[in-house]
1. Please go through region 63-102 and give me each residue that is in contact with a helix residue (DSSP H, G or I) (Cβ under 7 Å, 6 or more places away or on another chain) and not in a helix (DSSP H, G or I), ordered by number.
2. Consider only pairs whose beta carbons are under 7 Å apart and that are at least six residues apart or on different chains; among these, list those whose first residue lies in region 76-101 and is hydroxyl-bearing (Ser, Thr, Tyr) and whose second residue is surrounded by 12 or more Cβ atoms within 10 Å (Cβ to Cβ).
3. Scan (1) buried (at least 17 other Cβ atoms within 10 Å of the Cβ); (2) out of contact with any strand residue (DSSP E or B) (no Cβ under 7 Å at 6 or more places or on another chain) for the single condition ALA101 breaks and write down its number.
4. Output the qualifying pairs, or none if there are none: Cβ atoms under 7 angstrom, residues six or more apart or on different chains, first residue in region 154-165 and crowded, with 18+ Cβ neighbours inside 10 Å, second residue modelled with pLDDT of 95 or more and assigned to a loop (DSSP other than H, G, I, E, B).
5. Is it the case that PHE62 is within 19 Å of the chain's Cα centre (by Cα), loosely packed, with under 15 Cβ neighbours inside 10 Å, hydrophobic (A, V, I, L, M, F, W, C) and not assigned by TED's automatic domain parsing to the domain that holds ILE154?
6. Of the conditions (1) under 30 Å from GLN49 (Cα atoms); (2) modelled with pLDDT of 95 or more, GLY125 satisfies every one except a single condition; which number is it?
7. Looking at the structure I just gave you, is THR74 exposed (fewer than 14 other Cβ atoms within 10 Å of the Cβ) and either at pLDDT 95 or above or among the hydrophobic types (A, V, I, L, M, F, W, C) (or both)?
8. Can you tell which of GLU93, GLU133 is in the same structural domain as GLU41 (by TED's automatic domain parsing), closer than 30 Å to ILE33 by Cα and out of contact with any Pro (no Cβ under 8 Å at 6 or more places or on another chain)?
Amino acid sequence: KRMRRPANIEWVYKTVEKLRTAMPDIAIRTTFIVGYPGETEEEFDGLKQFVRDLQFDRMGAFTYSYEASTPSATVSWQVEEAVKQARQAELMELQQAISLAKNQAQVGKTLPVLIEGYGDNLSIGRTYRDAPEIDGLVIIPGELPLGEMVPIHIDGAMTYDLSGSPALEPNQTISLPLVGR
């Protein structure tokens, strides 16, 4: 409420449940700000439980940054920087275990991967589950066609990234319709 955002937590739980029931392969991503002025240890514990309960596919956490011209600047109890940093680290550590489990659940599947770049005899891409420049990557041996969607058999999982191999013959790609074009 102090952040002036809707706080109907039951609605969030129900909505996420409905989405996951309707679309079992949906990837849900969110971000949180920790250390907002007045944030108590009890509220932070509630946030951790919320993350444990909803098991987000992707999550980011940022520390609150003081800005003089905002309503939060007038709150008398500013959270100490060390506390904000510790809370951010704790929340991200919690999410790392969730992310690893979510990625491990992808092993054995074949996913369309957009090839976006190259490394040392590797192709780098992302799935529909990954936002550009924010989320994980799929690492594939060899050089696949840049800008193409290639079916990749996922054979490995890390905390944020996946690894796999092409599920088609070399230079064979698939075409997917682009929404909005």
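The values are calculated or read from the model by the stated rules, or taken from the named source; none is laboratory data. Please read all numbers here as calculations on a predicted model, not as lab measurements. Note: ideal-geometry Cβ built from the backbone for every residue, glycine included; neighbour counts use all protein chains shown.
1. Matches in region 63-102: THR63, TYR64, TYR66, GLU67.
2. That search, which allows pairs on different chains as well, returns SER99/THR159; SER99/TYR160.
3. (1)
4. Pairs found: ILE154/GLN106; ILE154/VAL107; ILE154/GLY108; ILE154/LYS109; ALA157/GLN106; ALA157/VAL107; LEU162/GLN106.
5. Yes; evaluated as a whole, the condition is true for this residue.
6. For GLY125, the failing item is (1).
7. So THR74 does not fit the description; no.
8. So the residue among GLU93, GLU133 that is in the same structural domain as GLU41 (by TED's automatic domain parsing), closer than 30 Å to ILE33 by Cα and out of contact with any Pro (no Cβ under 8 Å at 6 or more places or on another chain) is GLU93.
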